[in-house]
Amino acid sequence: MAQYYSDFVMEHFTNPRNVGELEDANGVGEIGNAKCGDIMKMYIKVEGDRIVDIKFKTFGCGSAIATSSIATEMIKGKTIEEALKLTNKAVVEALGGLPAHKIHCSVLAEQAIKAAIADYYKRQGIDPTPIVGEIQDHHEEACDI
């Protein structure tokens, strides 16, 4: 298995950062498909316009765990505006690449963060769609069901 993954992917899989739940989260987003086995749940704590804390719980493969871990590291401490610029391509690049059939995991990470930010805005009574865009769960398309 390791021959297909960079050392950095393996590091984030075996020692993921920011795992768990935030009791005081003010934004929670969940993306995935139980039929495929990859489900990501992101918890964010926003103060002002900055993500001061972020945690995740991922049920899935090593790539799903690694992309969740690195994505949380990449936006922790960032403004919401900066976090919304995170792309799945940036997640893949930060990990040193992923096998083509695992790219969908990076899409899940990007969309889970957007879903958490959308939830944050909803809790503030703000329509998130003009800010966050449509949350798309492309995972079902990548799934062999």
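Being in contact with a helix residue (DSSP H, G or I) (Cβ under 6 Å, 6 or more places away or on another chain) and of a type in the set (D, E, K, R) is the filter; apply it to segment 36-81 and report the residue that is nearest to GLU21 (Cα to Cα).
ASP38
Taking the criterion of being over 28 Å from THR14 (Cβ atoms) and surrounded by 15 or more Cβ atoms within 10 Å (Cβ to Cβ), would at least one residue in segment 70-83 satisfy it?
yes
With the structure loaded, tell me whether VAL46 is surrounded by fewer than 19 Cβ atoms within 10 Å (Cβ to Cβ), of a type in the set (A, V, I, L, M, F, W, C) and either modelled with pLDDT of 95 or more or under 16 Å from GLN111 (Cβ atoms) (or both) or whether it fails that test.
Details: surrounded by fewer than 19 Cβ atoms within 10 Å (Cβ to Cβ): no; of a type in the set (A, V, I, L, M, F, W, C): yes; either modelled with pLDDT of 95 or more or under 16 Å from GLN111 (Cβ atoms) (or both): yes.
Considered against the rule, which asks whether it is surrounded by fewer than 19 Cβ atoms within 10 Å (Cβ to Cβ), of a type in the set (A, V, I, L, M, F, W, C) and either modelled with pLDDT of 95 or more or under 16 Å from GLN111 (Cβ atoms) (or both), VAL46 comes out as no.
Report yes if some residue within segment 27-41 is farther than 16 Å from LEU108 by Cβ and crowded, with 16+ Cβ neighbours inside 10 Å; otherwise report no.
We begin by selecting, within segment 27-41, every residue farther than 16 Å from LEU108 by Cβ; these are 27.
Then drop every residue that is not crowded, with 16+ Cβ neighbours inside 10 Å, which leaves 27.
Yes, there is a match, as at least one residue in segment 27-41 is farther than 16 Å from LEU108 by Cβ and crowded, with 16+ Cβ neighbours inside 10 Å.
Before we move on, is GLY37 touching a strand residue (DSSP E or B) at 6+ places or on another chain (Cβ under 8 Å) and without any contact (Cβ under 8 Å) to a residue 40 or more places away in the chain? Walk me through it before giving the result.
Numbers: touching a strand residue (DSSP E or B) at 6+ places or on another chain (Cβ under 8 Å): yes; without any contact (Cβ under 8 Å) to a residue 40 or more places away in the chain: yes.
Criteria met by GLY37.
Here are the criteria: (1) farther than 25 Å from GLU134 by Cβ; (2) free of Cβ contacts under 8 Å to residues at least 40 places away in the same chain. Tell me which single one ILE103 does not satisfy.
ILE103 satisfies every listed condition except (1).
The values are calculated or read from the model by the stated rules, or taken from the named source; none is laboratory data. Because the structure is a prediction, the values reported are computed rather than measured. Every residue, glycine as well, gets a Cβ built from its backbone with ideal geometry; the counts of neighbours run over all protein chains shown.
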